[in-house]
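Remarks on the structure that follows.
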Amino acid sequence: MTVRKEAVPVLRQRFTQLAGSYPQAMRLRLFHLLAGTERDESLDPQELDQLEAISVLPTWKEDSFTRPFLESRRGLKEMAVPGSGGAAFAIAERALGHRGVSLLLRRAAATRERLSEDERRRMGRMLWRIGSQLTEQSSLLEHTMVASGAGSLLHGRNQREAFAREDEMHAAVMTSLRAALDRWPLRSLSEQLLESRARSEVTWLRAFVGKGALP
């Protein structure tokens, strides 16, 4: 616990520095807000004000999913790591910071019961604006993050849309798994498909269920 307490100010400072280079992006500011907080701790009024300011920013993150994938793959290939494409994809996914969004949803759920109806609607608007930016992302993990909180935090049409997206992506993932790409004999073809997937994982998965071409 002592190590964590010492690490949190350093982490917040680093997020502040990084966010300063990307003033239009939500992700780093959200991570700064949530750093060191507990998942079942309700959001206080000051945090809700900060969350509202974050929610109106025009983009979710600073760069594309493709860049960390390509950089990781290049480094792994230089070290002659077997299956560098798959490992690079996993590294790029880890860099997305999905735990920060999960923490936000948990803390929002803990907050909801103590809010008035108007305050709940306000928080719901914040979460939906953030979720809307997430669903515009090309990676599956980001695209479906908000759906896990839709049942308790969203209402009506927005909730149905979130669940419909999740169902569509689940069907696409199952279809891609049946293709068993990891067992294809041509490694170069598998690498090409992974690079295509990194350009837009959502488009790539939809292609497996006949909704468009590979990116």
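Tabulated values for the structure
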| item | result |
| --- | --- |
| Residue of Ala87, Ala179, Ala25 that the Gaussian network model of the chain assigns the largest fluctuation, springs spanning Cα pairs under 10 Å | Ala179 |
| Cα lying deepest toward the dipole's positive end in the stretch 4-89, options Met26, Gly86, Ala7, charges on Cβ | Gly86 |
| Options (i) 33, 23, 14; (ii) 36, 19, 13; (iii) 41, 19, 16 - which one matches semi-axes √(5λ) of the Cα gyration tensor in Å as calculated here | (i) |
| Residues whose placed amide H lies under 5 Å from that of Thr59, excluding near-sequence neighbours | Met26 |
| Charge dipole magnitude, Cβ of K and R +1, D and E -1 - the chain, Cα centre, debye nearest 20 | 340 |
| Given 15 as the ceiling on other Cβ atoms within 10 Å, longest exposed-site-free region of the chain for trypsin sites (Lys or Arg not before Pro) in DSSP loops | 115-210 |
| Longest exposed-site-free window of the chain, the sites being GluC sites (Glu not before Pro) in a DSSP loop that have at most 14 other C-beta atoms within 10 Å | 137-215 |
| Average accessible area per residue (Å²) across the stretch 1-133 - probe 1.4 Å, nucleic acids and ligands excluded | 56 |
| His32 - accessible surface, heavy atoms, 1.4 Å probe, Å² rounded to 10 | 60 |
| Exposure of Ser139 as accessible area (Å², to 10), given a probe of 1.4 Å and all protein chains | 0 |
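The values are calculated or read from the model by the stated rules, or taken from the named source; none is laboratory data. Just so it is clear, the structure is predicted and the values come from calculations on it, not from any experiment. Cβ sites come from the backbone with ideal geometry, for glycine too, and all protein chains shown count toward neighbours. To get the accessible areas, we keep the full protein, side chains included, count just its heavy atoms, and leave off ligands, DNA and RNA. Shrake-Rupley method; radii C 1.70, N 1.55, O 1.52, S 1.80 Å.
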